[in-house]
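Peer 1: Would you mind keeping the following structure in view while I ask a few things?
The values are calculated or read from the model by the stated rules, or taken from the named source; none is laboratory data. Bear in mind the structure is a predicted one, so any value in this text is a computation, not a measurement. Glycine gets a Cβ as well: all are built from the backbone with ideal geometry, and neighbour counts include every protein chain shown.
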Amino acid sequence: MSGRLSPLATPAFRYFFLGQVVNRVGSSMSGVALAFAVLEVSDSASALGWVLAAWSVPSVAFMLFGGAIADRLPRAVVLRGCNLIQGVAQTVTAGLVLSGHAEIWHLVVLQFVAGTVFAVSYPAFLGMVPILLPVAERKAAILLIGQAQSAVGIIGPAVSGLLVATVGPGWALAVDATTYLVAAGLLSLVRLPPGDRSGARPSVVGDFVAGWTFARQLGWVIPAASASLVFNALVSGAIGVLGPTIAADTIGSEGWGIARSGEAVGIFVTAFFLARVPLRVPLRTIMIAFAFWCVPMLVLGTHVNVWLLTASFFVAGAALSLLDLAWNLTVQEKVPEEMLSRIMSIDGFFSFVATPIGQLAVGPLAVAFGAGRVQIGCFVLAVLVAAFAATRRTITAVRLAETSASA
């Protein structure tokens, strides 16, 4: 087996990998489907913002403790349980939408459940690769996961957009529900020895405090995550909420699905080149990549054309592939295994804490100033923040070792 695919030779990683790919098949469809399901119930950007925020708020509020739980329990077991709960919640969502009984408050409640579960599954997922594979194979594994997820994401949004336009968003949500349950079954096949938890505190709260103390000692975790806070808020509002509403009036759900697929193509293609690209100053690279992630805002704010928007999402996908690899390599080199999920949850908390603000604020801002002007303003702010963060010493001082920087 070639070096790029060598992680698949390890059975535990192989089942984990397959589970995540299956999960991604449904998730790549659900974003488009949920957005248009909400717009079908209430043709309002503000209503969509409330539904998306219902997922974002608990995913942020509980993430710090989610990381402590993921470090305390076997991560594969945590992921399996999370997939089962998500499958049930999405099944109910699909049933309500398909039957025509869905109301905004139903979707808000169900997305709250999904967001709560994500708060635990996200740090558990990000802590899996180091316990499944040796150091030499981790870069290949990170790129392989990103490529596989983006490959199914290439057709997922487009198929979802087509389903929305023909039979309605409920069927895409039903597919997503099924994939969660299948992923849980695959994760049940992952067999791992228990990690060293001799340093665990008597309670989850104690584990959380220990993780927070360690993050402060590292020095770079909180500044980097705080910068990403701004980018996630901008993208979640400008692209996640305003994007579908602008698309509904211009290129339609089919065009929006095709354009969003461009992001997955960008992730997939870029991974081939990143395998041998050295990342000496990873956090500075991340800040620059964040600015390129926001390029679709320029198109949405000026001239909305399917292929131009698709190209901009390709650039965004390339940036995502780069920043994801840089962050994972940095954390896996600098953080011990027993602290991984807690550090990832702290990063996730700061990264996403302002996401609900972006989702809720963008609707009223668009009414006041116009959707196009809001898009351009968000892009300008993103560039300014990236330029500032990329020159801070806490960001530029972090360097990767030779073995992590190259394949």
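Peer 1: What are the pairs with Cβ atoms under 6 angstrom where one residue, in region 26-47, is closer than 18 Å to Pro356 by Cα and the other, located anywhere, is surrounded by fewer than 24 Cβ atoms within 10 Å (Cβ to Cβ)? Sequence gap at least six, or different chains.
Peer 2: Between residues of region 26-47 that are closer than 18 Å to Pro356 by Cα and residues that are surrounded by fewer than 24 Cβ atoms within 10 Å (Cβ to Cβ), the close pairs are Ala35/Pro244; Val38/Ala47; Ala45/Thr245; Ala45/Gly363; Ser46/Gly363; Ala47/Ile104.
Peer 1: Taking region 183-211 as the search range and keeping residues that are assigned to a helix (DSSP H, G or I) and modelled with pLDDT under 80, which one is nearest to Gly87 (Cα to Cα)?
Peer 2: That would be Val204.
Peer 1: May I pose another question? Would you pick out the residues in region 365-405 that are of a type in the set (Lys, Arg), in a helix (DSSP H, G or I) and under 14 Å from Met287 (Cα atoms)?
Peer 2: Arg393 - this is the single residue of region 365-405 that is of a type in the set (Lys, Arg), in a helix (DSSP H, G or I) and under 14 Å from Met287 (Cα atoms).
Peer 1: Let me ask something else. Answer yes or no as to whether Val21 is part of a helix (DSSP H, G or I), under 18 Å from the mean Cα position of the chain (by Cα) and among the aliphatic types (A, V, I, L, M).
Peer 2: Here the answer is yes, as Val21 does meet what is asked.
Peer 1: Let me ask something additional. Report, by residue number, each residue of region 288-306 that is at pLDDT 90 or above, surrounded by fewer than 24 Cβ atoms within 10 Å (Cβ to Cβ) and not β-branched (Val, Ile, Thr).
Peer 2: Selection gives Ala289, Ala291, Phe292, Leu298, Gly301.
Peer 1: Check Thr93 against each of (1) over 30 Å from Val41 (Cα atoms); (2) surrounded by 23 or more Cβ atoms within 10 Å (Cβ to Cβ) and name the one condition it does not meet.
Peer 2: (1)
Peer 1: For residues that are assigned to a helix (DSSP H, G or I) and hydrophobic (A, V, I, L, M, F, W, C), scanning just region 354-364, find the one that is nearest to Pro282 (Cα to Cα).
Peer 2: Among them, the one singled out is Ile357.
Peer 1: Same structure, new question: Output yes when any residue across region 122-135 is hydrophobic (A, V, I, L, M, F, W, C), assigned to a loop (DSSP other than H, G, I, E, B) and within 24 Å of the chain's Cα centre (by Cα), and no when none is.
Peer 2: There is at least one residue in region 122-135 that is hydrophobic (A, V, I, L, M, F, W, C), assigned to a loop (DSSP other than H, G, I, E, B) and within 24 Å of the chain's Cα centre (by Cα).
Peer 1: For region 158-177, give me the residue count where each residue is over 11 Å from Met29 (Cβ atoms) and either out of contact with any Ser or Thr (no Cβ under 6 Å at 6 or more places or on another chain) or of a type in the set (Lys, Arg) (or both).
Peer 2: Counting residues in region 158-177 that are over 11 Å from Met29 (Cβ atoms) and either out of contact with any Ser or Thr (no Cβ under 6 Å at 6 or more places or on another chain) or of a type in the set (Lys, Arg) (or both) gives 4.
Peer 1: All but one of (1) without any contact (Cβ under 8 Å) to a residue 24 or more places away in the chain; (2) crowded, with 22+ Cβ neighbours inside 10 Å hold for Leu283, so report the exception by its number.
Peer 2: All conditions pass for Leu283, except number (1).
Peer 1: Any idea which of (1) modelled with pLDDT of 90 or more; (2) surrounded by fewer than 20 Cβ atoms within 10 Å (Cβ to Cβ); (3) under 19 Å from Gly49 (Cβ atoms) is the one Ile376 doesn't satisfy?
Peer 2: (3)
Peer 1: Does any residue in region 158-185 that is among the charged types (D, E, K, R) come within less than 7 Å, Cβ to Cβ, of a residue that is assigned to a helix (DSSP H, G or I) and modelled with pLDDT of 80 or more six or more places away or on a different chain, and which pairs are these?
Peer 2: Taking only residues 6 or more apart or on different chains, the pairs are Asp176/Gln90.
Peer 1: Note down all Cβ pairs under 9 Å where the first residue falls in region 221-247 and is surrounded by fewer than 23 Cβ atoms within 10 Å (Cβ to Cβ) and assigned to a helix (DSSP H, G or I), the second is at pLDDT 85 or above and acidic (Asp, Glu), and they're at least six residues apart or on different chains.
Peer 2: So the pair list comes out empty.
Peer 1: Identify, by number, the condition in (1) surrounded by fewer than 21 Cβ atoms within 10 Å (Cβ to Cβ); (2) within 28 Å of Leu274 (Cα to Cα); (3) in contact with a Leu (Cβ under 9 Å, 6 or more places away or on another chain) that Val353 doesn't meet.
Peer 2: Tallying (1) surrounded by fewer than 21 Cβ atoms within 10 Å (Cβ to Cβ); (2) within 28 Å of Leu274 (Cα to Cα); (3) in contact with a Leu (Cβ under 9 Å, 6 or more places away or on another chain), Val353 fails exactly one: (2).
Peer 1: So, one more: Given (1) buried (at least 24 other Cβ atoms within 10 Å of the Cβ); (2) modelled with pLDDT of 80 or more; (3) over 21 Å from Val353 (Cα atoms), where does Ala119 come up short, assuming only one miss?
Peer 2: Every condition holds for Ala119 apart from (3).
Peer 1: Only residues that are of a type outside the set (A, V, I, L, M, F, W, C), in a helix (DSSP H, G or I) and farther than 16 Å from Ser121 by Cβ: list them for region 335-353, please.
Peer 2: Those that are of a type outside the set (A, V, I, L, M, F, W, C), in a helix (DSSP H, G or I) and farther than 16 Å from Ser121 by Cβ: Glu337, Glu338.
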